[in-house]
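J.: Below you will find the structure I want to go over with you.
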């Protein structure tokens, strides 16, 4: 994912920011984050800083890394009871770069992964932080997506079966048959596809490392990040994904649970309590949650396996990543 700003693109960005009333001298973009998809930069603007999000260098798969789509969902969430960054400007492909991008407000705070920031204590703050995390997801799922202009943003009808079929196509995108540990879970899931629990805005990558927290305790969730996979679908798939990203003592962690290892510290509630909190806040029936968690884990296994076979990103070189997701899927399939 190699790409650098040059004199021409920096000049074009400066002109673009001037036209939007945001320029304050040289933007001085600096790469931030460790994402393995879109590229994110901190830039200087009038009044402080902002964040610029652009896709990786072409070629891109059809429908992937759609900055206009990501900006649209953030614009739709403006004014809603969801902590989402405010979009400041959107550029089309060819306007500044050869790809579209958008600029959003910069929200100062902590991004937490494997350890808590200085000043936070698991025994004191863990429960509040975990509940704030799941409450943020509940707030997103409560948004009236039609009323906020996202009526054509997705196709929630038969979402679960269609989503599974699309991923199965990716799983089989290879010269030989898919390995049995992937294909077997696909067969299990297809035989048990539940009717959708409803339709809501899905984040599709909701985890500890994709939110920003207050700089000092008590923990406050300030902003939800990385909306590139957002769509309209069954909200329980987001909750199932949280299970794949919320580690539990005594279990072999999935790669995404390793990215949230701070949640293992004494003082944080377990997954069962998190799910109970979501059910209490939303009133949703979670009796099929094991299927959704298994589905999310299998989905991640398919995606990690695909990236491993491509061999373009060093993060996916570990051949144990996808099988670890399948091991989690098998645990989840037995019930949560």
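J.: Looking at the structure I just gave you, is residue 165 closer than 20 Å to residue 295 by Cα and without any contact (Cβ under 8 Å) to a residue 24 or more places away in the chain?
T.: yes
J.: A further question follows. Regarding residue 198, is this residue on the phi > 0 side of the Ramachandran plot and modelled with pLDDT of 95 or more?
T.: In short, yes.
J.: Here's a follow-up. What residue, among those in region 93-130 that are surrounded by fewer than 14 Cβ atoms within 10 Å (Cβ to Cβ) and free of Cβ contacts under 8 Å to residues at least 12 places away in the same chain, is farthest from residue 51 (Cα to Cα)?
T.: 118
J.: With respect to residue 161, is the statement that it is at pLDDT 95 or above, surrounded by 19 or more Cβ atoms within 10 Å (Cβ to Cβ) and not assigned by TED's automatic domain parsing to the domain that holds residue 81 true?
T.: For residue 161, the condition - at pLDDT 95 or above, surrounded by 19 or more Cβ atoms within 10 Å (Cβ to Cβ) and not assigned by TED's automatic domain parsing to the domain that holds residue 81 - is not met.
J.: Residue 82 versus (1) at pLDDT 95 or above; (2) more than 30 Å from residue 142 (Cα to Cα): which is the lone unmet condition?
T.: Evaluating residue 82 over (1) at pLDDT 95 or above; (2) more than 30 Å from residue 142 (Cα to Cα) leaves (2) as the failure.
J.: For the condition at pLDDT 95 or above, out of contact with any helix residue (DSSP H, G or I) (no Cβ under 6 Å at 6 or more places or on another chain), in a helix (DSSP H, G or I) and not assigned by TED's automatic domain parsing to the domain that holds residue 211, what is the one hit in 71, 89?
T.: 71
J.: While we're looking at this one, here's another question. Give just the number: which of (1) part of a loop (DSSP other than H, G, I, E, B); (2) surrounded by 15 or more Cβ atoms within 10 Å (Cβ to Cβ) does residue 177 not satisfy?
T.: That leaves (2) as the condition not met.
J.: While we're here: With the checklist (1) within 17 Å of the chain's Cα centre (by Cα); (2) outside the structural domain of residue 221 (by TED's automatic domain parsing) in hand, flag the one item residue 134 doesn't pass.
T.: (2)
J.: Any idea which residue in region 19-42 is surrounded by the fewest Cβ atoms within 10 Å (Cβ to Cβ), counting only those that are touching a helix residue (DSSP H, G or I) at 6+ places or on another chain (Cβ under 8 Å) and closer than 17 Å to residue 70 by Cβ?
T.: Only one residue tops the list, namely 36.
J.: Quick one: residue 216 ticks every box in (1) without any contact (Cβ under 8 Å) to a residue 60 or more places away in the chain; (2) surrounded by fewer than 20 Cβ atoms within 10 Å (Cβ to Cβ) except a single one, so which number is it?
T.: Condition (1) is where residue 216 drops out.
J.: Something else about it: Being assigned by TED's automatic domain parsing to the domain that holds residue 277, surrounded by fewer than 19 Cβ atoms within 10 Å (Cβ to Cβ) and touching a strand residue (DSSP E or B) at 6+ places or on another chain (Cβ under 7 Å) narrows it down to one residue among 172, 204; which is it?
T.: Step by step, each of 172, 204 is checked, and only 204 is assigned by TED's automatic domain parsing to the domain that holds residue 277, surrounded by fewer than 19 Cβ atoms within 10 Å (Cβ to Cβ) and touching a strand residue (DSSP E or B) at 6+ places or on another chain (Cβ under 7 Å).
J.: Only one of 196, 251 is surrounded by fewer than 16 Cβ atoms within 10 Å (Cβ to Cβ) and not assigned by TED's automatic domain parsing to the domain that holds residue 54. Can you tell me which?
T.: Testing whether each residue is surrounded by fewer than 16 Cβ atoms within 10 Å (Cβ to Cβ) and not assigned by TED's automatic domain parsing to the domain that holds residue 54 leaves just 251.
J.: Mind listing whichever residues of region 131-153 are in a loop (DSSP other than H, G, I, E, B) and surrounded by 17 or more Cβ atoms within 10 Å (Cβ to Cβ)?
T.: Within region 131-153, 143, 145, 148, 150, 153 qualify.
The values are calculated or read from the model by the stated rules, or taken from the named source; none is laboratory data. Remember, it's a predicted structure, so these values are computed and weren't measured experimentally. All Cβ positions, even for glycine, are placed from backbone atoms using ideal geometry, and neighbour counts span all protein chains on display.
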